[in-house]
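Below is one structure, written out as structure tokens; the observations come after it.
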Amino acid sequence: MSGPVKKKNKTVHPEATYESLLRIFTVPESENSTLGKIEKQISENLDGFLKEHIVSHVIAPNELEKGFLDSQIPEEPTFVSEQADFLLKNVVAESVHVASPRFIGHMTSALPYFMLPLSKMMIALNQNLVKIETSKAFTPLERQVLGMLHRLIYNRNQPFYEENIQYSGSALGAFCSDGTIANLTSLWVAINRLFRPQQDFAGIGEEGLFAAMQHYGYQGAAILVSRRGHYSLKKAANLLGIGRRNLISIPTDTNNKIIVSELVETIQRCKKQRIAIIAVVGIAGTTETGSVDPLDELANICEAHDIHFHVDAAWGGPTLFSKKYKHLLKGIERADSVTFDAHKQLYVPMGAGMALFKDHKSLTLVAHYAEYIIRKGSRDLGRMTLEGSRPGMAMLVHSGLRIMGRKGYELLIDGGIEKARTFAAMIKNTEDFELISEPELNLLTYRFVPADVRRFMATCSKEELFNINAHLNRLTITIQKEQRDRGTSFVSRTALEPARFHGQLINVFRVVLANPLTQIPHLEEILIEQREIARRLLSGELAMDYSEQDEGEPRKAVTQTS
Ligand SMILES: *Cc1c(COP(=O)(O)O)cnc(C)c1O
């Protein structure tokens, strides 16, 4: 049932009168309306709603786009029920079942049920955190959430938090919409600190990058991160005026961790060439492999060279909830700034990230004022955030933290890591799957290699190895796409350069085990399906996919997955 209601060949629209319009703002939907039924089903049986309405079938992107070609804003109003029907049929049906326990390819998982009614309450209130006049209690609430996560990371003493958690002259962090903005905010602070006001120079915020370089006598500027860095850092390098190619990517070791000696060499080279280092970024849970850089060592180096140390813990930050595994992040408490994503492992709906700062005065380096809206000395959070108007998402983070508590999150984190280890063991126990990266947190990568090919690879020449890998890459890509298109399970795909293949780029399946609903039998089924697809591809029953270009050369930097 899409398109306007037709009656005697004439389309019926709701009246376009002011009164009928007012009803839209006031009258709630009746329980028997389409929207009323949707609401009821979502609140009573979310799983059933998703299963019933999301269809899994293959549809080409350009087929899908055909339903969304009209650029005309409709002249006449449409009935709410008609729009709801349209959405169910064309949008909900064609969306992705990210809550499915078999959807283990991305960092987006199922949500605890209480997030739904609380989200609705948040939207009903429609607070704007840009300033206190439109948010009232939401502002101290957000500051409290930032304080809680600051304490999780930095664990300063009680008086520090009593003094600073609600102190309007500074902020322990910036709440924002995602990890990308959190990374950008952190580097924004870093560049403002490095090029701070001095003598007749009014600071980079006032005078810009060019004047800053001249004043401080630099020939260029760079940000240093391992080659597993997230691509949001590229965007930040672009926006800060540094340029993407000056996001210098440092090689990684066999465990996908930054090679510290290479980092030190790069720092020395930059110094010699008068290149300002805006920040060294350590990663606590890389997007592709879940690896954690040696944060303590990076902290030592940054301290010795007086460089801003940023830790991108968008994924791995919540590991700090786990008594058993938090040691993996040792050194994060020495970071000048930390990115933390709540919409990943805090199980909050999309749109919640945070940048936390060790020094509570850091954010004053980027504070902005505007007479009409944000005056000096105000309590408004909008002074110190990149974004202006923002929703009350902090309420959902607060709720997650209180309802599940540290112990609840610990169970989720430990469960994910242990599941990843079990899955790794399952893969190693087969003859025809090869584990490519061991799970340090709850991510791992692997690929399919027929048993006889695997035996041959153990003894063959380097050239033969190269050719076999090229074929295996094609196989991995095709299996991944076929499995995705079948629509019952999903693993993602990336490309790595495992040391044993001499720098050759290897396509791999990438698995993220964050959904608590995922069980071992789901993982078994995924391997069985992949093996079956492989068999059909190798027997010629199914054709290989050559549509995508070979990725060929190893990438210079940064991942594009999420
Ligand atoms: C997901 C992720 C980001 C980006 O976060 P978004 O919320 O997608 O903007 C940055 N860094 C790492 C390590 C991530 O995993």
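The values are calculated or read from the model by the stated rules, or taken from the named source; none is laboratory data. Just so it is clear, the structure is predicted and the values come from calculations on it, not from any experiment. Cβ atoms come from the backbone with ideal geometry, glycine included; neighbour counts cover every protein chain shown. When the accessible area is computed, the model is the full protein with side chains, heavy atoms only, and any ligands, DNA or RNA have been set aside. Shrake-Rupley method; radii C 1.70, N 1.55, O 1.52, S 1.80 Å.
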Query raised in the report: Taking the condition open to solvent by 20 Å² or more (accessible area, probe 1.4 Å), among the hydroxyl-bearing types (Ser, Thr, Tyr), more than 13 Å from the ligand (Cβ to nearest atom) and in the same structural domain as ASP336 (by TED's automatic domain parsing), does SER177 pass?
Result: no
Query raised in the report: If you go through segment 229-251, how many residues are within 13 Å of the ligand (Cβ to nearest atom) and hydroxyl-bearing (Ser, Thr, Tyr)?
Result: 2
Query raised in the report: Quick check: is even one residue across segment 116-134 closer than 30 Å to GLY285 by Cα and not in a helix (DSSP H, G or I)?
Result: yes
Requested in this report: Report whether or not THR254 is away from the ligand (no atom under 16 Å from the Cβ), more than 30 Å from ASP200 (Cα to Cα) and either touching a residue at least 12 places away in the same chain (Cβ under 8 Å) or in a strand (DSSP E or B) (or both).
Outcome: yes
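Pick from segment 272-310 the residues that are free of Cβ contacts under 8 Å to residues at least 12 places away in the same chain and in a helix (DSSP H, G or I): which of them is nearest to ASN192 (Cα to Cα)?
Residue satisfying both the conditions and the ranking: ALA304.
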Requested in this report: List every residue pair whose Cβ atoms sit under 8 Å apart, with the two residues 6 or more apart in sequence or on different chains, where the first one lies in segment 409-432 and is free of Cβ contacts under 8 Å to residues at least 60 places away in the same chain and outside the structural domain of LYS323 (by TED's automatic domain parsing) and the second, anywhere, is aliphatic (A, V, I, L, M) and in a helix (DSSP H, G or I).
Outcome: GLU431/ALA451
Requested in this report: Output yes when any residue across segment 271-280 is over 19 Å from the mean Cα position of the chain (by Cα), of a type in the set (A, V, I, L, M, F, W, C), open to solvent by 10 Å² or more (accessible area, probe 1.4 Å) and away from the ligand (no atom under 16 Å from the Cβ), and no when none is.
Outcome: yes
Query raised in the report: Just wondering, is there one or more residues in segment 58-77 that are free of Cβ contacts under 8 Å to residues at least 24 places away in the same chain, outside the structural domain of LEU22 (by TED's automatic domain parsing) and open to solvent by 50 Å² or more (accessible area, probe 1.4 Å)?
Result: no
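Just wondering, is there one or more residues in segment 439-446 that are of a type in the set (Ser, Thr, Tyr), within 30 Å of TYR325 (Cβ to Cβ) and crowded, with 21+ Cβ neighbours inside 10 Å? Don't jump to the end; show me each part of the working.
Here is the first cut: in segment 439-446, the residues of a type in the set (Ser, Thr, Tyr) are 445-446.
Remaining after also requiring within 30 Å of TYR325 (Cβ to Cβ): 445-446.
So of that shortlist, the ones also crowded, with 21+ Cβ neighbours inside 10 Å come out as 445-446.
There is at least one residue in segment 439-446 that is of a type in the set (Ser, Thr, Tyr), within 30 Å of TYR325 (Cβ to Cβ) and crowded, with 21+ Cβ neighbours inside 10 Å.
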Query raised in the report: Identify, please: which residue in segment 283-308 is away from the ligand (no atom under 16 Å from the Cβ) and of a type in the set (Gly, Ala, Ser) and is, among those, surrounded by the most Cβ atoms within 10 Å (Cβ to Cβ)?
Result: ALA299
Report summary line: Pairs returned, first residue in segment 85-114 that is of a type in the set (D, E, K, R), second residue that is open to solvent by less than 20 Å² (accessible area, probe 1.4 Å), beta-carbon separation under 7 angstrom, 6 or more apart or interchain, are ARG102/SER489; ARG102/ILE526
Requested in this report: Examine segment 142-155 for a residue that is among the basic types (Lys, Arg) and crowded, with 20+ Cβ neighbours inside 10 Å, and state whether such a residue exists.
Outcome: yes
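Just checking: which of the helices (runs of 4 or more DSSP H) contained wholly in segment 444-562 hold 3 or more residues that are closer than 30 Å to ILE413 by Cα, more than 16 Å from the ligand (Cβ to nearest atom) and modelled with pLDDT of 95 or more?
462-486, 520-538
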Requested in this report: Say whether the condition of being buried (at least 17 other Cβ atoms within 10 Å of the Cβ), at pLDDT 95 or above and more than 30 Å from GLY147 (Cβ to Cβ) is met by at least one residue in segment 197-210.
Outcome: no
Query raised in the report: What helices (runs of 4 or more DSSP H), lying completely within segment 145-251, carry at least 2 residues that are over 30 Å from the mean Cα position of the chain (by Cα)?
Result: 158-164, 204-216
Report summary line: Quick count over segment 309-346, residues being acidic (Asp, Glu) and either on the phi > 0 side of the Ramachandran plot or within 12 Å of the ligand (Cβ to nearest atom) (or both), is 2
Query raised in the report: Residue check: is LEU194 more than 16 Å from the ligand (Cβ to nearest atom), assigned by TED's automatic domain parsing to the domain that holds ILE283 and either over 29 Å from GLY317 (Cα atoms) or crowded, with 23+ Cβ neighbours inside 10 Å (or both)?
Result: no
